[in-house]
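Here is the structure we will look at, set down as structure tokens.
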Amino acid sequence: MAYDLLGKDFTPPDVRGKVTGRAMFAEDFRVDGMVFCRLMLSPMPHARVRGIDASRALAMDGVLGVLTADEVPAIPVPDLPILTNEPMFIGQPILAVAAVSETVAADAIDAIELDLEPLPFTVDPLDSLFPGGADAREDGNVVDNRLTGPPTLKHMKWTAEDFASAAEGQLPTGEPAAEWSYGDLEAGFAEAALVLDETFVTAGMSHHSMEPRSAMAYWENGKCFIYGSTQSQSFVLPDLARLVGIDPGDLVYIAETCGGGFGSKGSAYPIMSVPAHMAKKINRPVMMRIGRAEEYYLGAARTGFQGRLRMGFTAEGRVTAADIYIVQENGPTTGFPDWTSAGATVSILYQPPTMRWRGIAVQTNTPPRSAQRGPGHNQTVAAVEPLIDKAARELGIDRLEIRRINGPKMGAVVGANRGPVTSCYLAEAIEKGAEAFGWDEQAALSGTRNGSRVTGIGVGQAFHPAGFSGFDGLVRLTPEGKLHIHTGVGNLGTYSHTGTARVAAETLKCDWESCVVERGDTRLHLPWNIGQFGSNTSFTMSRTNYVAAMDAVAKLKEIAANDLGGSADDYDIGGDRVFLKSDPDRGLTYAEAAARAIEIGGRYDGHELPDDINPMTRQSAAALAGTGLIGVAKDNLPLTAQPAAFVVGFARIELDVETGRFDILDYLAVADCGTVIHPQGLATQIKGGGVMGFGLATLERHIYDPQTGLPGTIGLYQAKPASYLDVPSVMRSDAVDEPDPQSPLGTKGIGEPVMGAGAAALLCAISDALDGHYFNRVPVTTDQIVNALAGREQSHRPLQVNTA
């Protein structure tokens with residue numbers, strides 16, 4: 001269906017500020033009397049604070065206060081605390097110091113005497129699972145964080161026999177913390193002509209948010225004002241209020257711009273409450289700026305996997321069975337259930353008729369883990385997609401064909417319950433991509449030499465869930481003829497706050513120049529919206545804006561019928577007017593209808609509100625009552641399946657067999673993202689996600705010394721993300737642009753699988769250039785490639801993690 005606004009490029013309202021440098025990030029704000037605070041971080045991977053002597057620091061000129069763990073709210077275990085007396089990773093905040101300048105605060109921290117008792121630590125999950133192995137924390141070494149209830153800790157050890165039964169370099173498969181299966185697994189493997197049994201490792205890695213998690217806070221008239229860096233807006237409020245220890249109604253939260261989050265800033269995080277607690281203690285506004293090295297400790301990280309996959313194939317390439325086990329390096333706190341997503345990913349992308357998933361999330365004394373773009377899904381495709389190539393090679397099948405044979409289509413099912421997805425056009429994306437990339441022609445170049453450089457061709461696919469339901473929308477037509485679209489969507493850099501707002505304008509058939517997007521500040525009366533994570537915003541928030549706009553449409557028609565006669569069904573909208581279908585000259589402008597809504601009052605101007613909306617939405621709509629025609633509603637539209645996003649990527653590289661370095665010469669990705677909202681934004685998402693995928697595949701990783709727990713990557717130069725020098729000069733993108741049937745205008749999300757497809761395509765191209773050498777590890781670095789070319793053993797053991 002053709003739309004007036006959707007599928008068209010537009011200029012987001014905040015883009016000029018970003019281009020000119022006028023956009024305000026958290027650390028750009030200033031208020032009178034503002035002072036600074038710095039954090040004292042743990043120098044040990046696990047310790048107990050036996051004593052703090054801050055007397056010398058407090059006696060220094062310009063020092064205003066010290067804040068300790070005993071003065072802030074206790075956070076339920078195993079969630080990350082605000083400050084702690086038992087640090088569980090190097091860099092964990094123990095206390096904060098406020099002073100007139102950051103220099104004075106830093107000097108004061110140096111003057112504090114800290115008495116720490118070292119405790120046992122581990123940086124490798126398998127070490128903790130081994131009998132007698134050190135644990136990351138005393139109250140449990142394994143966490144159940146599957147989002148089915150509060151996270152729980154327990155002690156679990158595998159037996160020596162479990163470890164002894166695994167071959168050298170093979171992942172032991174002891175007792176899992178959770179598992180599911182369907183079908184007859186052994187019968188599936190018995191049917192197979194080929195069975196792969198592969199062990200793999202995917203590295204933990206920093207989020208690399210360009211804007212560290214700085215924050216500023218002050219108190220005024222009983223309310224706390226916080227300026228923070230989050231990728232979400234409304235969703236942050238309840239948890240941030242809990243961290244501060246106040247009612248959400250007493251919190252004003254401003255997050256106009258976010259310099260990257262990639263999942264780590266999807267909700268409130270503990271240290272952003274430190275300035276609020278310090279400001280209350282010293283009665284001054286407090287700014288806390290986080291440095292780049294600190295961000296590596298505090299900015300969360302992607303979980304690491306130690307995994308094992310058995311997969312059976314018929315001689316024709318059809319998957320007969322899959323059996324995957326994931327040991328997750330979880331950090332020392334709740335972390336994120338990436339391990340569970342591995343099973344869902346294998347189940348949807350390859351549609352095995354029988355399957356088992358098992359897993360365990362093990363605590364380690366490394367940075368806390370949170371969702372990172374495609375959590376679990378992208379690690380899985382980075383590990384599994386090269387193995388699909390390996391199966392194709394051993395069976396003599398084209399690598400694209402084996403994906404066609406096994407890939408999901410409309411009616412595909414996912415996960416333990418084999419539930420349906422709302423739509424799946426991955427097959428169409430593969431065909432569109434293969435034609436645009438020129439798969440047959442490019443694949444013919446595989447292995448060709450140009451001096452010391454050999455060509456490799458790769459294809460990779462990825463999946464991620466893509467939407468929720470049950471949140472609220474809020475719009476307002478004013479007597480000035482403006483449509484104000486109030487959105488709780490955060491500014492994570494994709495402009496989805498405005499892209500999804502255009503769904504309301506489309507539904508109301510409004511001139512976009514007459515629209516105002518209200519966002520980024522709770523004082524602008526924002527509705528309860530889901531956070532900006534999980535590739536959900538385009539689906540979820542399009543639905544909320546649609547239902548709010550439809551509520552406004554119904555009220556426009558009722559007002560017109562009341563004033564001009566007839567019934568509401570006799571009226572239509574268009575051109576910023578509501579008019580009689582039989583006589584379009586008879587009608588009201590939106591401005592006139594808004595004025596009449598105020599005169600009529602009640603449900604039309606927000607004085608009467610639906611019973612089922614969230615309290616946050618109710619408070620916002622009530623504050624707007626009497627200012628215009630209010631459209632407000634909860635998304636109660638049917639949702640009978642899992643929204644799902646799919647991407648396929650294609651890559652061509654040249655790899656130098658003398659140096660191990662490679663250049664990506666061509667990259668194309670095609671997305672199944674439903675109706676395209678913003679073509680330019682989509683192209684940027686696909687390309688940017690591809691670049692992040694290249695980093696996951698070949699560059700980014702944690703390094704931790706297993707003897708000391710010390711980190712080896714606390715700067716961009718040590719674990720660098722991909723730069724312009726690492727990517728093709730031109731990256732291509734496209735979309736299937738088929739509507740999702742359970743989204744009113746057909747939209748769904750895409751932000752996460754674009755990264756997985758990029759990683760998988762590049763890894764497959766590297767293996768192709770090496771004539772089918774599979775590393776079963778990410779990142780694949782230059783030294784690993786050189787060792788493979790020379791036939792030497794790698795410098796790491798097959799299951800070793802956090803390696804240099």
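A few points about this structure:
- For segment 328-465, the spread of Cα coordinates along the three principal axes comes to 49, 42, 26 Å, biggest extent given first.
- Selection among Gly488, Ser273, Met60 by position relative to the dipole of the chain gives Met60 as farthest towards the positive end (Cβ unit charges, Cα centre).
- At R0 = 35 Å, FRET efficiency that the Cβ-Cβ distance of Arg242 and Glu191 yields, to 0.05: 0.10
- For segment 349-425, the ratio of Cα radius of gyration to the globular rule of thumb 2.2 N^0.38 Å stands at 1.36.
- Exposed-site-free run, longest, the chain (rule: GluC sites (Glu not before Pro); DSSP loop; at most 15 other C-beta within 10 Å): 317-479
- Computing FRET efficiency as 1/(1 + (r/R0)^6) for Leu564 and Lys409, where r is the C-beta to C-beta distance and R0 is 60 Å, gives about 0.75.
- Zone residues, segment 97-130, relative to Ala167, backbone N less than 18 Å from point 7 Å out along Cα-to-Cβ: none
- Relative contact order computed over segment 199-250 (Cα-Cα under 8 Å; 6+ residues apart), in percent: 23
- Estimated purely from DSSP H runs of n ≥ 4, each contributing -39500 (n - 2.57), the mean residue ellipticity at 222 nm for the chain is -8500 deg cm²/dmol once divided by its residues.
- Rounded to the nearest 20 debye, the dipole magnitude of segment 7-91 is 300 debye, with +1 charges on Lys and Arg beta carbons, -1 on Asp and Glu beta carbons, and the Cα centre as origin.
- Where a label projected 7 Å from the Cα of His607 along Cα→Cβ would reach, residues of segment 536-566 with amide N under 20 Å: 552, 555-563
- Gyration tensor verdict on segment 632-742 (Cα atoms; rounded if a/c is under 1.5, prolate if a/b is larger than b/c, oblate otherwise): oblate
- Over 21 Å [Cα-Cα, segment 444-537], rounded percent: 49
- Kirkwood analysis of segment 206-317, using all unique Cα-Cα pairs, places the hydrodynamic radius at 15.6 Å.
- The alpha carbon centroids of segment 518-546 and segment 93-167 are separated by 35 Å.
- Cα Rg, Dmax, segment 77-216, angstrom units: 21.9, 72
- By accessible area, using a 1.4 Å probe on protein heavy atoms only, the chain has 51% of its surface on carbon and sulfur.
- Expressed per residue, the C-alpha convex hull volume of segment 632-691 stands at 135 Å³.
- Prolate/oblate/rounded label for segment 541-611 (Cα gyration tensor, a/c 1.5): oblate
- Gain upon complete extension [Glu175, Thr68; 0.36 nm per residue less C-alpha separation]: 34.5 nm
- Segment 1-113: C-alpha gyration tensor shape, a/c 1.5 cut-off, then a/b vs b/c: oblate
- When both segment 20-74 and segment 288-324 are represented by their alpha-carbon centers, they are found 35 Å apart.
- Chain lengthening between Thr152 and Asp110 when straightened (0.36 nm per residue, less Cα-Cα): 11.4 nm
- Amide N proximity, segment 178-208 versus Leu716 label position 7 Å along Cα-to-Cβ, cut-off under 20 Å: 205-208
- Here each label is just a point 7 Å from Cα along the line to Cβ, and for Asp4 and Glu435 those points are 3.2 nm apart.
- Relative contact order, percent, the chain [alpha-carbon distance under 8 Å, six or more residues apart]: 15
- Across all Cα pairs in the chain, the calculated P(r) in 20 Å bins from zero up to the longest distance comes to 16, 46, 31, 7, 0 percent per bin.
- Theoretical FRET efficiency, 1/(1+(r/R0)^6), r = Cβ-Cβ of Leu395 and Tyr724, R0 41 Å, to 0.05: 0.60
- Listed by chain and number, the aspartates and glutamates whose alpha-carbon sits under 17 Å from that of Lys409, ignoring those within fewer than 8 places in the same chain, are Glu401, Glu428, Glu431, Asp672, Asp737, Glu738, Asp740.
- Debye log10 I(q)/I(0) at q = 0.12, 0.15, 0.18 Å⁻¹ for segment 128-211, Cα point scatterers: -0.61, -0.90, -1.12
- log10 of Debye I(q)/I(0), alpha-carbon scatterers only, for segment 355-394 at 0.21, 0.26, 0.28, 0.30 Å⁻¹: -0.89, -1.03, -1.06, -1.08
- For segment 577-642, fraction of C-alpha pairs farther apart than 13 Å, in %: 68
- The charge dipole of the chain, taken about its Cα centre with unit charges on the Cβ atoms of Lys, Arg (+1), Asp and Glu (-1) only, comes to about 480 debye.
- The residues of the chain present an accessible area of 35 Å² per residue when probed at 1.4 Å with all protein chains retained.
- Gained length - Arg16 relative to Arg48, 0.36 nm times residue gap less alpha-carbon distance: 6.6 nm
The values are calculated or read from the model by the stated rules, or taken from the named source; none is laboratory data. For clarity, every value in this text was computed on a predicted model and none was experimentally measured. Ideal geometry is used to build each Cβ from the backbone, glycine not excepted, and the neighbour counts take in all protein chains shown. We work out accessible area using only protein heavy atoms, side chains counted, and drop any ligands, DNA or RNA first. Shrake-Rupley method; radii C 1.70, N 1.55, O 1.52, S 1.80 Å.
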